[in-house]
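The values are calculated or read from the model by the stated rules, or taken from the named source; none is laboratory data. Computed from a predicted model, the values in this text were never measured in an experiment. Cβ sites come from the backbone with ideal geometry, for glycine too, and all protein chains shown count toward neighbours.
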Amino acid sequence: MKKFVAALAVSLALSSAANAAETIVVYSAGPKPLSGALAKAFEAKTGIQVKLFQSSAGKIMARYQAEKANPQADVMISASWGHAITLDKAGELLAYTSKNAKNVPASLKTGTYVAQGASALAIAYNTKSGLPAPHHWADLTKPVYKDQVTMPDPAKSGSALTLLEGLVAQNETQAWTLFSGLAANDMVIPGANKAALNPVLQGAKGVVFGAVDYIAIGLKAKGETLEIVHPSEGTVLAPRPIMIIKSTKHQDAAKKFVDFVLSDAGQTLVANRYILPARSDIQAKRPGYNDLTLIDFDYIAAANQAVKTKAKFAHIMGK
Amino acid sequence: MSILSLHNISKSFGDEVVLNNISLDVAAGSFITLLGPSGCGKTTLLRIIAGLERPDLGEIHAKKMTFVNVARNVFLPPQKRKLGFVFQDYGLWPHMTVAENVAFPLKMAKASPQDVKKRVGEVLDAVRLAQHADKLPEKLSGGQKQRVSIARALAAKPDLILFDEPLSNLDANLREDLGRDIQVLSKQLGLTCINVTHDRREAQILSDQIALMKDGVIHQLGQPHDLFRNPRDVWAARFLDVGNILPVGIIQIDVPEHFVMVPRKAFRLVEADQGLSATATNCMFIEDRFEVTADLQGHEVKLFSNQPIGQEQSIGLKVDLADILPLSHGAC
Amino acid sequence: MLRPALFLLSSSTLIVIVGFPVLAILLFAIFPHINELSLAAPLSALLPNLANEKLIEATFNSLRLALSVTLVAAIIAVPLAYMRARFPDRLGKICDAMFLIPFLIPPYIGSLAWMQLLQRNGFVEQILGFNLNTFLYSFSGMVTVMALHLFPLIYFTTASVFSVIGRKYGDVAKVFGGHTITVFWQINFPMALPALLSSGLIVFILTIEEFGTPEILGARFGFPVIVTSIHEKFSDWPIDLPGASVLSLILIIIAFVAYQGHQRLSKRFQTTIDNQSVEAKHPPLSPWAMVGVVVVFGGLFGIAVGLPLLTIAISSFMDTLSGGLAWDNLSLRTLRELFILDGDGWAAIMTSLTLAAFAAIFTVMIATVVVFTVVRLRIKGTGFLDFLSILPNSIPGMAVAVGLILTWNQSFWVVTPYNTPFILLLAYLCLMLPYPIRMISTALKQLPQSLDDAAYISGANDLTVILKILVPLLWPISLASGFIVFAISTRELVSSIMLAPPGVETVAVYVFHQFDQGSVNSGMAMSLVTIIISGGLLALGQRLKGAMK
């Protein structure tokens, strides 16, 4: 027991000693290899230590909220633009515009947060399923796809919510008709993104409506029999915001981290994970800004309507 | 000289009064038994003496120390009272050998290893278990286990040994044998012992003194022969099972009491038309004579006979008036 | 002096480990801004949540699910337990060991395995040409999956009671001419009923608290329960922590009431089977009976344990998920990646094993002191200790995590375990403590009080009694409970995800991240490795325990 207490004391002393050196705490959602690689490259370049907490977007937000009495995070990278909007509205973000953000499209940056990269929402289908290749969102309401479609739940997946919001913003009537048609075609909504994708990979279902494209592209590269389609009538981006928490005691280091993520080196790391880099001048390893038809809509206005939109969606899906 | 004296000990569990103002002196070298039906408080009293329970009121003084004085807030924990205790369920530690069990109190008293070894040998010899010293308790019979328990209680040469129904877990024959062994041992070694039991026979075998307990008080205190010959009242006579208890009217003697106790041997069998007339209901051969149960004017009586008596046979009974004892109704 | 010290030690330990996080949750449910150290707007989260229709539906669903799972688990377990009581000793032990395995499979992984097996184009369809898709994604399907995972709990408890009852009273009844079936219904069943109900309540509680299966299967047919609703409050914006605390509180209350019932019942059945020392003398089974046993037990083992385990193993060797069951899809890639890729997988295994070992050692040490204080020292206040020691039975991992953050992430602490691996240890201690406490206190209650008394009278003090008498006697059961803590700790997911300090990953967290990236097979491979490691240790523990007897 005494030894344990001693060990505890020593490790606490060490950790506070480490804190004394320049260290920032980054809470990051999204692919772990990317966060890890960004942190390592940043440490190598600047000598500033990065302590990385890696989880899903919801869980880093939950942890952030529970920690409000004594905030730990200096920088957060979320997979949900909505999180950034909420935190910004609450006045919890530090205003900062990185010099490297010049080539980030205007819709993907504000005075307090900026996209690190973005995924686009797509149709992903299993080529072994024997289904015809879909081209448009509405194709999935056809009888041939009956009982073959899954969709991530907008209540559990920020990107699915963005797609829902985008389609509604583009043409509200048409959007709700589309979802009614999908519901009539027995589309299932099994949970968050992975829960929608797994049955398609396993062959239980054939198609994902609203797949996060970089995950599907990555899996295809690993040899899964997936094909990814970005409908030509338009899709949305799910930008991944990076932001500095106002309470940070390491402003300069945090700013340096944001700069690094938006630098050539950082953006290349982002691109390597098949994510669309925020900067339009960085070569994507996947369909880029010019290859996609994007629905242009007001994220913040849509976010204000989100509760209503989700409720209507749930109602149509019979949830 | 008294080795232990109890003054006004009382104890309740919740609303239930278990011991009510008990005082008792235990003379050095005596063997005293607390006898009584279950729930009379005898076990609680023993555990209070041992220090395993605390009394609500009262004092207990031993030869050189005060065990308890509630008024002065004195309480000596059991480990400091230097007692021996023999448990009903033996209380042997299953992970220790016989010798280790016996050595434990000596080690607690910080005896030197040589002394421990010597003393363990002595007490195991005394209870005739020397050859089992290295066995685990589970390998022993019930009687042997209880001998180990006794040896352990003797080991540290305590002034006083407490027995909690030491024989009740044993078979009948074994009970008798071990009882005699305990009695002989206690006299040889000059031990002072307090025993608790509900078994009359066990009390008779072991004790110099019996304290008959009822409802948390000592109902009657005396030497065994005195107690069994002169029970204080109807309740004591019934509990001690000393003979037939009959309304005075049936025997037709003139005493102020309402009941008389007629020992079995006080009935003499006579011809059917003489004495009190009764009807035999049962007859069994026990030890060296017949024990007859008969109906005497609606009361069941027991008596001895040298000849078998047939069922439903009419018999005459004469009573040896010298042997009968008038009984007050007592508190019951 | 030792008694007050022991009391102080055990109560302060329990207050820190259990009391603090629970109090934090309670405060959070009442004061939704307590995480900002403000008492503003009291009850503003509690009342609207309690009136929420969705919450009422989820509560109702939770209760319905838990009741059904308990019932089905009992239907599976009781006949098995009854048969088990008639087995020769060795065969019985083998059966017991087999049914320990379901505990090693994390429910989350188990459900994924069932999906991979039974859904459309699943393994069963790929081999046998049919699927049970409709059944799997239905209430009955979910109940079956959960019951197959939890029935061993009822099996173990009732089997031990049956064997005692059978020996004591079954023969008596047969002498008086009772039929085997009559004997069962008239004698064994009523006597085993308290044990059955009490273990059933444990199953009930575990079902109510389970997250993985309702999340995976229930979501497919729209079946929200309390735990998935709590999770939903965390999963996307607006994050609703106070709402989650309110739900946690409801969960705590339900589980607490159920646990009280369990305690009461188990007290009753302990008095009926207090004398367990009778040794079994069973005639060998006839060949036909033997065949029957092999069929029934083997069949059930195959379904409840074999199938999911096999699925996990096969998945670990599959190159791609969409490749399905095909020879050219066979590969060691996923298993290899586990031990190379940045060393992350291996680091996670080492972290989990270290944490689990510490959790096992400390819970057993704490439990020994607490149990001794509660069971043997009759000081005032031990009732409060007893209450604290069983409380973790009714706290979900997520609530513990939030409670620990609220407690330890405060600037007023001079030193805090928060953001170090010790916070994980603290969470495991809180969540696992009931297991050794329950096992050791049952064992201690069965040790006659005279063993302690004899030692006191021989001159021993409390410490000597604990060290020389109780510890040696309780050592085997402590070891067994330690191994159970170890096995469960290695697969703890929810609190680990929430509390893992930056840069630290446990096995379960690693698996979770793999699934998150769509790498189901890597997750399965990691699970397989964990199951093998903790299974091996569990077997070792059983062997040690046996050797010591």
Top-ranked residue in segment A:132-178 [being away from every other protein chain (no Cβ under 14 Å) and among the β-branched types (Val, Ile, Thr); ranked as farthest from residue A:313 (Cα to Cα)]: A:144
Is it the case that some residue within segment C:439-449 is within 14 Å of chain B (Cβ to nearest Cβ), part of a helix (DSSP H, G or I), buried (at least 22 other Cβ atoms within 10 Å of the Cβ) and of a type in the set (A, V, I, L, M, F, W, C)? no
Going through segment C:381-417 one residue at a time, which ones are under 27 Å from residue C:7 (Cα atoms), hydroxyl-bearing (Ser, Thr, Tyr) and either surrounded by 24 or more Cβ atoms within 10 Å (Cβ to Cβ) or modelled with pLDDT of 75 or more (or both)? C:389, C:407, C:416
Applying the selection to segment B:99-131, what residues are among the charged types (D, E, K, R) and within 14 Å of another protein chain (Cβ to nearest Cβ)? B:100, B:107, B:110, B:119
Could you go through segment C:419-426 and let me know if any residue there is modelled with pLDDT under 85, over 17 Å from residue C:202 (Cβ atoms) and within 14 Å of chain A (Cβ to nearest Cβ). yes
If residue C:376 meets every condition in (1) surrounded by fewer than 16 Cβ atoms within 10 Å (Cβ to Cβ); (2) more than 30 Å from residue C:126 (Cα to Cα) apart from one, which number is that one? (1)
Are there any pairs with C-beta distances below 8 angstrom linking a residue in segment C:120-143 that is more than 9 Å from chain A (Cβ to nearest Cβ) and under 18 Å from residue C:64 (Cα atoms) to a residue that is not in a helix (DSSP H, G or I) and not hydrophobic (A, V, I, L, M, F, W, C), with the two at least 6 apart or on different chains, and if so which? C:136/C:119
Return yes or no: is residue C:497 more than 10 Å from chain A (Cβ to nearest Cβ) and at pLDDT below 85? no
Kindly list the number of the only condition in (1) in contact with a Pro (Cβ under 7 Å, 6 or more places away or on another chain); (2) modelled with pLDDT under 90 that fails for residue B:177. (1)
What single numbered condition from (1) away from every other protein chain (no Cβ under 13 Å); (2) outside any helix (DSSP H, G or I) fails to hold for residue C:481? (2)
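Let's see how each residue does on (1) over 29 Å from residue A:296 (Cα atoms); (2) more than 12 Å from chain C (Cβ to nearest Cβ); (3) hydroxyl-bearing (Ser, Thr, Tyr):
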residue: A:205; (1), (2), (3): yes, no, no
residue: A:224; (1), (2), (3): yes, no, no
residue: A:228; (1), (2), (3): no, yes, no
residue: A:234; (1), (2), (3): no, yes, no
residue: A:242; (1), (2), (3): no, yes, no
residue: A:246; (1), (2), (3): yes, yes, no
What are the pairs, 6+ residues apart or on separate chains, where a residue within segment C:474-492 that is touching a residue at least 60 places away in the same chain (Cβ under 8 Å) has its Cβ under 6 Å from a residue that is of a type in the set (Phe, Trp, Tyr)? C:481/C:435; C:484/C:435; C:485/C:435; C:489/C:428
Quick check on my filter: what residues within segment B:87-106 are part of a helix (DSSP H, G or I) and of a type outside the set (A, V, I, L, M)? B:100, B:101, B:104, B:105
Any chance segment A:28-51 includes a residue that's in contact with a strand residue (DSSP E or B) (Cβ under 8 Å, 6 or more places away or on another chain), closer than 25 Å to residue C:21 by Cα, modelled with pLDDT of 80 or more and outside any helix (DSSP H, G or I)? no
Could you tell me whether segment B:28-42 includes any residue that is touching a Lys or Arg at 6+ places or on another chain (Cβ under 8 Å), of a type in the set (S, T, N, Q) and not in a strand (DSSP E or B)? no
For the subset of segment A:59-85 comprising residues that are touching a residue at least 60 places away in the same chain (Cβ under 8 Å) and either over 20 Å from the mean Cα position of the chain (by Cα) or facing chain C (nearest Cβ under 7 Å) (or both), which member is surrounded by the most Cβ atoms within 10 Å (Cβ to Cβ)? A:83
Do the conditions hold for residue C:247, that is, is it crowded, with 20+ Cβ neighbours inside 10 Å, modelled with pLDDT of 80 or more and more than 14 Å from every other protein chain (Cβ to nearest Cβ)? no
Quick one: residue C:469 ticks every box in (1) touching a Lys or Arg at 6+ places or on another chain (Cβ under 9 Å); (2) within 13 Å of another protein chain (Cβ to nearest Cβ) except a single one, so which number is it? (1)
When the residues of segment B:64-85 are filtered to those that are more than 9 Å from chain C (Cβ to nearest Cβ) and aliphatic (A, V, I, L, M), which remaining residue is farthest from residue C:470 (Cα to Cα)? B:71
Residue, nearest to the chain's Cα centre (by Cα), within segment C:195-222, restricted to residues that are assigned to a loop (DSSP other than H, G, I, E, B), closer than 20 Å to residue C:308 by Cα and at pLDDT below 85: C:210
Among the residues of segment B:43-71, how many are free of Cβ contacts under 8 Å to residues at least 12 places away in the same chain and assigned to a loop (DSSP other than H, G, I, E, B)? 1
Given the criteria out of contact with any Lys or Arg (no Cβ under 8 Å at 6 or more places or on another chain), more than 14 Å from every other protein chain (Cβ to nearest Cβ) and hydrophobic (A, V, I, L, M, F, W, C), does residue C:387 qualify? yes
Lone qualifier among C:459, C:503 - being closer than 27 Å to residue C:316 by Cβ, without any contact (Cβ under 8 Å) to a residue 12 or more places away in the chain and either aromatic (Phe, Trp, Tyr) or in a loop (DSSP other than H, G, I, E, B) (or both): C:503
Conditions (1) assigned to a strand (DSSP E or B); (2) assigned by TED's automatic domain parsing to the domain that holds residue A:100 -> residue A:252 fails only (1)
A careful count of residues in segment B:157-192 that are surrounded by fewer than 19 Cβ atoms within 10 Å (Cβ to Cβ), of a type in the set (Val, Ile, Thr) and under 17 Å from residue C:458 (Cβ atoms) gives 0
Using the structure shown, decide if residue B:163 is modelled with pLDDT of 90 or more, within 13 Å of another protein chain (Cβ to nearest Cβ) and assigned to a strand (DSSP E or B). yes
Being farther than 30 Å from residue A:274 by Cβ, away from chain B (no Cβ under 14 Å) and either in contact with a His (Cβ under 7 Å, 6 or more places away or on another chain) or in contact (Cβ under 8 Å) with a residue 24 or more places away in the chain (or both): is that true of residue C:522 here? no
Mind telling me which of the residues A:40, A:45 ends up being within 11 Å of chain C (Cβ to nearest Cβ), of a type in the set (Lys, Arg) and surrounded by fewer than 23 Cβ atoms within 10 Å (Cβ to Cβ)? A:40
